[in-house]
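Here's the structure, in C-alpha cells; my notes come after.
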Amino acid sequence: DTEVTQTPKHLVMGMTNKKSLKCEQHMGHRAMYWYKQKAKKPPELMFVYSYEKLSINESVPSRFSPECPNSSLLNLHLHALQPEDSALYLCASSPYTPGTGGDEQFFGPGTRLTVL
Amino acid sequence: GNSVTQMEGPVTLSEEAFLTINCTYTATGYPSLFWYVQYPGEGLQLLLKATKADDKGSNKGFEATYRKETTSFHLEKGSVQVSDSAVYFCALSESYSGNTPLVFGKGTRLSVIA
C-alpha cells in the first residue's frame, strides 16, 4: 500500500466552527507533514512530525493544532479560522532515514477547505 | 537558505512537441532533487527524482539530470501529450536528521493542445 489518504475531501466551515482533518498512511513511514497550498502557488510547509513527535512548526497560528496519535495517523484540528485560511491542505509522509540527503514524500489528495 | 528557481509559465505546447522546464537550485550541502506533478484538483505526485550528482531520473518519458556544476535539474520530454497538461514543481530536500521538508519552486503550468 503506497497510498496516503485524507478525509474529508471537501470541507466548508464557519469562523466559529471546530473541525478536524485526517490523514492516514500504512507504508511504515515515520515522518509526516502538513502543507497548505493556495491557488496557483506551491505548497507551504506547516508542520512536521517525526516518530509521532512534533519536530517542525513553521510559525503556524495556534488556530491550527496538529496531532499525531500513532505512527499511521495525523490530524489537523481547526478552530476559529479566518476566510484567508481557505486553501488545499495536503498531508505527506516519508521514510525517516537520518544521514541521507532527503527522501521522497508521498502526498495525499488533499482536503479543499473553505472558511465562510 | 535553500531555494529553487524554475521557469514560470504558463507554457503552451502542441501535442508531440519537445518540452523543457528549467530548474536551478541553491543548497548548502548535497540535496536530493525531485520533480512533482499536480493534475487539476489533485494532490502532488512524484514524477522523478535524483539523489546525487550526475544521476538521471526518468519516468513516463520525462527525464532530468542532476547537474552539480550548474546546480540545475531541468525537466525534459521528447513528445508531450494532452494528458501531460498539469502543474510541474521542482523541489529539493536536504536533511541529515531524518525528516525531509521539501523546498518547492513556484511551479510551471503546462498546457498541451491537440
- Query: Once the convex hull of the C-alpha atoms of chain A is built, how many Å³ does it hold per residue, rounded to a whole number?
  - Reply: 101
- Item | chain B: translational diffusion in µm²/s, Stokes-Einstein, Kirkwood Rh over Cα pairs, 10 °C, 1.306 mPa s | 112
- In nm, to one decimal, how far is the modelled label at residue B:82 from the one at residue B:109, with both set 7 Å along Cα→Cβ? 1.9
- Note on the structure: Once the in-chain neighbours fewer than 8 apart are removed, the aspartates and glutamates whose Cα is under 12 Å from residue B:60 read B:76, B:84
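Pop out the Kirkwood hydrodynamic radius of the protein assembly as shown from its pairwise C-alpha distances, inverse of mean 1/r, in Å to one decimal.
Mean inverse Cα-Cα distance, inverted, gives 18.2 Å.
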- Message: Beyond a 18 Å Cα-Cα separation, which of these cross-linked pairs lie in this structure: A:9/A:36; A:41/B:106; B:56/B:77; A:40/B:68; A:40/B:106; A:38/B:106?
- Response: A:40/B:68
- Task: Extending each Cα 7 Å along its Cβ direction at residue A:84 and residue A:70, get the distance between those two points in nm, one decimal.
- Result: 3.9
- Please give the net charge around residue A:88, taking every other residue with its beta carbon less than 9 angstrom from that of residue A:88, where Lys and Arg add +1 and Asp and Glu add -1. +3
- Task: Specify the longest stretch of chain B that does not include any exposed loop site, a site being one of the chymotrypsin sites (Phe, Trp or Tyr not before Pro) with a non-H, G, I, E, B DSSP assignment and at most 13 other Cβ atoms within 10 Å.
- Result: B:19-95
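Each reported figure results from applying straightforward, stated rules to the coordinates on display, with no laboratory input. All of these numbers come straight from a predicted model, not from anything done at the bench. In this analysis, Cβ positions are derived from the backbone assuming ideal geometry, glycine residues included, and neighbour counts consider all displayed protein chains.
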